[in-house]
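The values are calculated or read from the model by the stated rules, or taken from the named source; none is laboratory data. Bear in mind that the values here come from a model prediction, so they are computed numbers and not experimental data. Glycine also receives a Cβ, built like all others from the backbone with ideal geometry; neighbour counts cover every protein chain displayed. Calculation scope for accessible area: heavy atoms of the full protein, side chains included, ligands and nucleic acids excluded. Shrake-Rupley method; radii C 1.70, N 1.55, O 1.52, S 1.80 Å.
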Amino acid sequence: MSPSERQLERQRFRRRRSLIRGAVAAVSTVLILGGLAVIVTQSPGWPRVHRTFFDWNDAKDAFPSIASAFVLNIRLFLVIEVLVLIVGIIVAIVRVVPSPALAPIKLLAIVYADVFRGTPTLLVVLLVGFGVPALELQGTPTSLFWLGVIALTLSYGAYVAEVIRAGILSIHPTQWASGRALGLTYGQTMRHIVLPQAIRRVAPPLLNDFVSLQKDTALLSTIGLVEALRQAQVISGHYFIFTPYVVAALFFIAATIPLARLTDFLTVRSLRRENGI
Amino acid sequence: MAETVLRADAVRKSFGDQEVLKGIDLEVTQGEVICLIGASGSGKSTLLRCLNLLEQVDDGDIWLDDQEITDPRIDVDKVRRSVGIVFQAYNLFPHLSVLDNIVLGPVKALGHKRADAHDQAVELLDRIGLADKAKAYPDALSGGQQQRVALVRAMAMQPKVLLLDEITSALDPMLVGDVLDVIRALRSEGMTIVMATHEMSFAREIADRVVFLCEGQIEEIGTPEQIFTAPRSPRTAEFLTRYLG
Ligand SMILES: Nc1ncnc2c1ncn2[C@@H]1O[C@H](COP(=O)(O)OP(=O)(O)OP(=O)(O)O)[C@@H](O)[C@H]1O
Ligand SMILES: [Mg+2]
């Protein structure tokens, strides 16, 4: 059946309106960004800023070594993200399980969350990075990589645990009851019903924490890991230019974009599936 | 004489210092449909939740067949597998498709093979006319369809007793009929059912016995005929006149 005359007219109007809106958006974007560019580039200090921060040749020279240093950042945050998720889920579950047998572990989980959320991440990095090896205990790791992994996992695990706990508590109690009523055990209900819903619900804040974590791998330069920021620092100190920092910044930004798109994708997919759109 | 499936004996339950169930005695025989009626807050939901061990009784005992299920040494998960319950809303798991909702219990709690559970689920869905919704997610179903799926999900566990807690009261009146049809079908298959309801005409039609609950006590038990036409207790009469207008 072909659409009615009225419907065709509505479609024509909508098309015209969206064209006009697109044009307005384009013009205003160009005006504002162009205006900003003019203000910045006309400022008296711009030539110097341009030379030190945005020099194309410096950037090209710094790129390869910063790129290879950034591989370390990637390795770090991939490992840490997995560990943080595991620690976060375990701590969150320990805190919500109503079992009295777990009381001492629960207390431990509360203290852990309080302490590590309250301590500046940089401090945790320094304490673990320099403190743990100084103990000279058998079996404690001495590799800087793993010390760094431990420090950031401790710090971010505490945040993520709280996010996941909030997610678990936000699931409607009838979901618990329905699971238990089907004869599923507490653990099965948690694993198959509550946790999947909780994680989905908190995915955006969770990925937000991961974005923050990816940037904070730069803190590990303080214990001597030569990652992207440290590498930029080295070049910058050598040639008295700041462009390498900008290059490093671009790497960090680039690394967060996949995460942001992943969040969008997951959100849209679960919306689409669950609402049948 | 049909045998007793479920029996409550002087069951008491308090929340804080509010006593919600003040000694409930109830016997449910095989294949019987019992309707619980009573004012809001009279303890209908609490009683059903106690029968399913979702709430712990404070005193008295509950028997399923010849087993005392209020015994703390009992495996509550095992008991719940044979006592199904459907609530007013939020029964279905929104992150699982209709089919997976039904398959989950038999596979995880009963240890059935996934393929078998799948076939059973498809057949159950077919019977309630929702076979084409197997892959849909709960939020894409109407409220009435959701409740029908919740009913067959409970049935997939092949319970000895089915407890229904006002499963139509959150529904648009237009959708109530389909859900009641499923309950009628279950009854004709010989399912033992205990249901709390505000649908008086349905209670009258389907119940073998009607239980009037008032302030945590059973005020009156009788056949629907007797309760609705010749209530013995003045409180039952008052409740019914208020309800039926
Ligand atoms: N988990 C709980 N904690 C505290 N009080 C509760 C709890 N559950 C129920 N109650 C109280 O117990 C009383 C009986 O509640 P119940 O839900 O059994 O009533 P009901 O007969 O099902 O009512 P309705 O017809 O409104 O569903 C109410 O006063 C209620 O406030
Ligand atoms: Mg109720």
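Can you go through A:204, A:244, A:173 and tell me which one is buried (at least 16 other Cβ atoms within 10 Å of the Cβ) and in the same structural domain as residue A:75 (by TED's automatic domain parsing)?
A:244
Would you mention how many residues in the stretch B:95-144 are more than 10 Å from chain A (Cβ to nearest Cβ), within 22 Å of residue B:175 (Cα to Cα) and in a loop (DSSP other than H, G, I, E, B)?
Counting residues in the stretch B:95-144 that are more than 10 Å from chain A (Cβ to nearest Cβ), within 22 Å of residue B:175 (Cα to Cα) and in a loop (DSSP other than H, G, I, E, B) gives 5.
Go through A:212, A:221 for me and flag whichever is in contact with a Lys or Arg (Cβ under 7 Å, 6 or more places away or on another chain), at pLDDT 90 or above and over 18 Å from residue A:58 (Cα atoms).
After ruling out the rest, the residue left standing is A:221.
All but one of (1) of a type in the set (D, E, K, R); (2) over 16 Å from the mean Cα position of the chain (by Cα); (3) open to solvent by less than 60 Å² (accessible area, probe 1.4 Å) hold for residue A:272; state the number of the condition that does not hold.
(3)
How many residues, within the stretch B:7-46, are touching a helix residue (DSSP H, G or I) at 6+ places or on another chain (Cβ under 8 Å) and in a loop (DSSP other than H, G, I, E, B)?
2
Within the stretch B:166-176, take every residue that is assigned to a loop (DSSP other than H, G, I, E, B) and in contact with a helix residue (DSSP H, G or I) (Cβ under 8 Å, 6 or more places away or on another chain) and give me the one that is most open to solvent (accessible area, probe 1.4 Å).
Checking each candidate, the answer is B:172.
Cβ-Cβ below 6 Å, separation at least six or inter-chain, first residue in the stretch A:218-239 and closer than 14 Å to residue A:123 by Cα and in the same structural domain as residue A:76 (by TED's automatic domain parsing), second small (Gly, Ala, Ser) and open to solvent by 60 Å² or more (accessible area, probe 1.4 Å): which pairs?
Going by the 6 Å Cβ cut-off, there are no qualifying pairs.
So which residues in the stretch B:51-84 are assigned to a loop (DSSP other than H, G, I, E, B), farther than 11 Å from residue A:181 by Cβ and open to solvent by 20 Å² or more (accessible area, probe 1.4 Å), if there are any at all?
B:55, B:56, B:57, B:58, B:65, B:66, B:70, B:71, B:72, B:73, B:74, B:75
Are any of the residues in the stretch B:135-145 within 16 Å of ligand 2 (Cβ to nearest atom) and open to solvent by 20 Å² or more (accessible area, probe 1.4 Å)?
Looking through the stretch B:135-145, none of the residues is within 16 Å of ligand 2 (Cβ to nearest atom) and open to solvent by 20 Å² or more (accessible area, probe 1.4 Å).
So residue B:90 fits all but one of (1) touching a Ser or Thr at 6+ places or on another chain (Cβ under 6 Å); (2) more than 16 Å from ligand 2 (Cβ to nearest atom); what number is the exception?
Every listed condition holds for residue B:90 apart from (2).
Looking at the stretch A:90-131, which of its residues are open to solvent by 40 Å² or more (accessible area, probe 1.4 Å) and among the β-branched types (Val, Ile, Thr)?
Answer for the stretch A:90-131, where residues must be open to solvent by 40 Å² or more (accessible area, probe 1.4 Å) and among the β-branched types (Val, Ile, Thr): A:90, A:93, A:105, A:110, A:111, A:115.
List every residue pair whose Cβ atoms sit under 9 Å apart, with the two residues 6 or more apart in sequence or on different chains, where the first one lies in the stretch B:74-103 and is farther than 15 Å from residue A:171 by Cβ and within 16 Å of ligand 1 (Cβ to nearest atom) and the second, anywhere, is outside any loop (DSSP other than H, G, I, E, B) and open to solvent by 30 Å² or more (accessible area, probe 1.4 Å).
As it stands, the answer is B:85/B:49; B:88/B:45, since those pairs meet every condition given.
Output the residues belonging to the stretch B:187-206 that are more than 16 Å from ligand 2 (Cβ to nearest atom) and open to solvent by 10 Å² or more (accessible area, probe 1.4 Å).
Correct list: B:187, B:188, B:189, B:190, B:191, B:201, B:204, B:205.
Conditions (1) within 26 Å of residue B:39 (Cβ to Cβ); (2) open to solvent by 20 Å² or more (accessible area, probe 1.4 Å), marked per residue:
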| site | (1), (2) |
| --- | --- |
| B:122 | no, yes |
| B:157 | no, no |
| B:164 | yes, no |
| B:178 | no, yes |
| B:185 | no, yes |
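In this structure, does residue A:213 turn out to be on the phi < 0 side of the Ramachandran plot, crowded, with 20+ Cβ neighbours inside 10 Å and away from every other protein chain (no Cβ under 14 Å)?
yes
Taking the residues in the stretch B:22-63 that are of a type in the set (Asp, Glu) and more than 16 Å from ligand 2 (Cβ to nearest atom) as candidates, determine which candidate is nearest to the other protein chains (Cβ to nearest Cβ).
Once the filter is applied, the top-ranked residue is B:58.
Residues being within 23 Å of residue A:207 (Cβ to Cβ) and among the aliphatic types (A, V, I, L, M): count how many of those fall in the stretch A:123-165.
Within the stretch A:123-165, residues that are within 23 Å of residue A:207 (Cβ to Cβ) and among the aliphatic types (A, V, I, L, M) number 12.
Scan the stretch B:12-28 and give yes if some residue there is free of Cβ contacts under 8 Å to residues at least 60 places away in the same chain, open to solvent by 40 Å² or more (accessible area, probe 1.4 Å), more than 16 Å from ligand 1 (Cβ to nearest atom) and more than 18 Å from the chain's Cα centre (by Cα), otherwise no.
No, the stretch B:12-28 contains no residue that is free of Cβ contacts under 8 Å to residues at least 60 places away in the same chain, open to solvent by 40 Å² or more (accessible area, probe 1.4 Å), more than 16 Å from ligand 1 (Cβ to nearest atom) and more than 18 Å from the chain's Cα centre (by Cα).
If we only count helices (runs of 4 or more DSSP H) wholly inside the stretch A:110-199, which ones have 2 or more residues that are without any contact (Cβ under 8 Å) to a residue 12 or more places away in the chain?
Where helices (runs of 4 or more DSSP H) fall fully within the stretch A:110-199 and carry at least 2 residues being without any contact (Cβ under 8 Å) to a residue 12 or more places away in the chain, they are A:132-135, A:173-181, A:186-189.
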